[in-house]
Structure formats: C-alpha cells, structure tokens
Amino acid sequence: NAEVLLNGNLITSHPYGYTSFFAKLTPYLKYGKKNVLLVTLNNLAQPSSRWYAGGGIYRHVRLHIGNEIHIRPWQFKVCTPEVSQESAEICFSANITNLGNHSEQISIRYDIFEKGTDVKVLSGKIAPLFLNESGDTLTEHSVCLKAPKLWEIDSPSLYEVKYELVSKSGEIYDAGSVTFGIRGISFDSKNGFRLNGQKLKMKGGCIHHDHGPLGAASYDDAEERRVRI
C-alpha cells in the first residue's frame with residue numbers, strides 16, 4: 001500500500017505493487033518555496049501473496065513537468081484494429097488535460113516514421129479541439145497506411161509516431177512519441193493463435209517480477225539481460 005504526500009497533503013494512494021500510477025502535485029505545490037514530497041509504503045498486511053513480493057520502492061519514479069495544457073502521461077495510445085498486407089488502419093486516441101481557468105482551441109500534429117529511420121510514411125493533423133476549462137478531453141483519430149511493414153517474428157518491423165500538441169497560434173504545449181508495431185492477431189478454437197493470418201505456436205516461461213539475488217528492484221540492465229536470455 002503506497003501513499004504520496006506533498007507538504008502534508010495526501011495526493012493519492014495505491015493498493016497494489018505491480019501497476020503504475022501517477023499523482024497530480026500541482027494543487028499543493030508551493031511555488032518559490034521549499035516543497036516536501038513523501039512516499040510511504042506499507043507491507044505489514046501479511047500474508048500478502050504466495051511469495052515474498054519485496055518491500056520499498058522497486059520501480060522507477062519520475063517527475064513530469066509540463067504546460068497547464070498537456071496530454072496525460074501514458075494517454076496517447078495507438079492501435080491497429082484492421083491489418084492486411086495491403087493496408088492497415090492506425091487509430092490514435094489522446095486524453096488532453098486543461099489545468100487552466102480558460103477555454104482554448106488546440107490541435108495535434110503527427111508524423112509516422114519507420115522506427116529508427118528518417119523515412120516518413122504519413123503526416124497529418126487531428127482536427128482542432130475546443131478544450132473546456134479545467135477538465136479532460138478525449139479525442140480519437142484514424143488513418144490508413146498502404147502496404148505496411150507488418151510485425152513478424154523474423155522481421156519485427158516497428159513504427160514511431162511523433163506528435164505535438166499545439167495552440168491555435170502555433171505554440172507547442174506538449175510533444176512526445178510512441179513506438180508501435182502493425183500486426184493482426186486472432187485466437188479461436190479451430191485455428192488456435194494466428195499472427196497476421198498465419199498459425200503460430202505460442203511459447204513462454206514462468207517469469208516473476210524479481211531478479212533473484214538482485215532482489216525486487218527493477219534495473220534497466222537487468223530487465224534487458226532477462227529479455228536477451
């Protein structure tokens with residue numbers, strides 16, 4: 001059980017150690033003064049699981065700093081519901097937060113690249129949105145990509161969408177990128193699992209969240225090592 005407090009005020013609590021969460025610090029910040037951020041964890045309610053889950057902060061903690069108008073963390077999403085060798089439907093959704101006390105018209109510009117290259121395959125602009133005062137606005141958009149490079153086991157092609165949240169006057173409020181693969185997946189009792197229309201045997205292992213003698217903390221190098229193994 002985690003709690004996040006800022007200057008003595010409870011910002012949020014989270015009752016589970018295996019999912020991400022974020023705390024909105026803005027309402028309790030003291031600008032130009034000293035701020036005290038306190039994260040407490042309570043693992044006294046035992047037994048809490050079938051194995052020792054670890055105690056303490058064992059995942060990354062990051063501070064997001066942004067404009068009053070921004071896309072919420074983890075809330076620019078990409079999915080590909082319709083996929084074939086000839087074309088793919090790429091759907092974007094973004095949850096935009098307005099912490100200001102005024103309404104504003106904004107839009108989202110985007111460019112899609114082949115991951116790791118300067119090859120741009122699509123560009124566009126999500127229709128202008130009128131943001132309400134102090135609230136969240138969800139927008140969705142879809143485009144069609146001709147002759148996509150599909151993500152396959154032997155050729156895991158990836159794409160990257162780079163986006164900018166801009167005001168009516170052209171000021172950039174937020175920016176970021178999302179990496180994604182274009183692939184079709186299906187599962188039924190007759191064919192089992194299929195990737196891009198082809199049967200594929202699924203293989204896996206029973207892997208827990210810890211790293212043996214390194215403990216429950218998640219180090220980037222240790223995670224990469226596990227993937228390589």
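List of remarks:
- Within the stretch 1-42, restricting attention to residues that are in a loop (DSSP other than H, G, I, E, B) and surrounded by 14 or more Cβ atoms within 10 Å (Cβ to Cβ), the residue that is farthest from the chain's Cα centre (by Cα) is ASN7.
- Total residues in the stretch 194-229, condition touching a His at 6+ places or on another chain (Cβ under 9 Å) and either touching a residue at least 24 places away in the same chain (Cβ under 8 Å) or not in a helix (DSSP H, G or I) (or both): 4
- Restricting the stretch 132-148 to residues that are more than 22 Å from the chain's Cα centre (by Cα) and surrounded by 15 or more Cβ atoms within 10 Å (Cβ to Cβ), the residue that is nearest to GLN75 (Cα to Cα): LEU145
- Evaluation of ARG228 against (1) surrounded by 10 or more Cβ atoms within 10 Å (Cβ to Cβ); (2) within 25 Å of the chain's Cα centre (by Cα) (one fails), failing number: (1)
- Of the residues making up the stretch 185-213, those that are closer than 29 Å to THR117 by Cβ and touching a Lys or Arg at 6+ places or on another chain (Cβ under 8 Å) are ILE185, LEU195, ASN196, LEU200.
- The strands (runs of 3 or more DSSP E) found wholly in the stretch 62-125 and carrying at least 2 residues that are in contact (Cβ under 8 Å) with a residue 60 or more places away in the chain, open to solvent by 40 Å² or more (accessible area, probe 1.4 Å) and within 23 Å of SER167 (Cβ to Cβ) occupy 69-79.
- Residues being touching a residue at least 60 places away in the same chain (Cβ under 8 Å) and aromatic (Phe, Trp, Tyr) - total across the stretch 7-51: 2
- Options LYS168, LYS190, LYS162, LYS201; residue that is touching a Pro at 6+ places or on another chain (Cβ under 9 Å) and either under 21 Å from PRO81 (Cβ atoms) or open to solvent by 30 Å² or more (accessible area, probe 1.4 Å) (or both): LYS168
- ILE182 being in contact (Cβ under 8 Å) with a residue 40 or more places away in the chain and hydrophobic (A, V, I, L, M, F, W, C): yes
The values are calculated or read from the model by the stated rules, or taken from the named source; none is laboratory data. Keep in mind the model is a prediction, meaning the values are calculated, not measured. Note: ideal-geometry Cβ built from the backbone for every residue, glycine included; neighbour counts use all protein chains shown. The accessibility values were calculated without ligands, DNA or RNA, using every heavy atom of the protein model including side chains. Shrake-Rupley method; radii C 1.70, N 1.55, O 1.52, S 1.80 Å.
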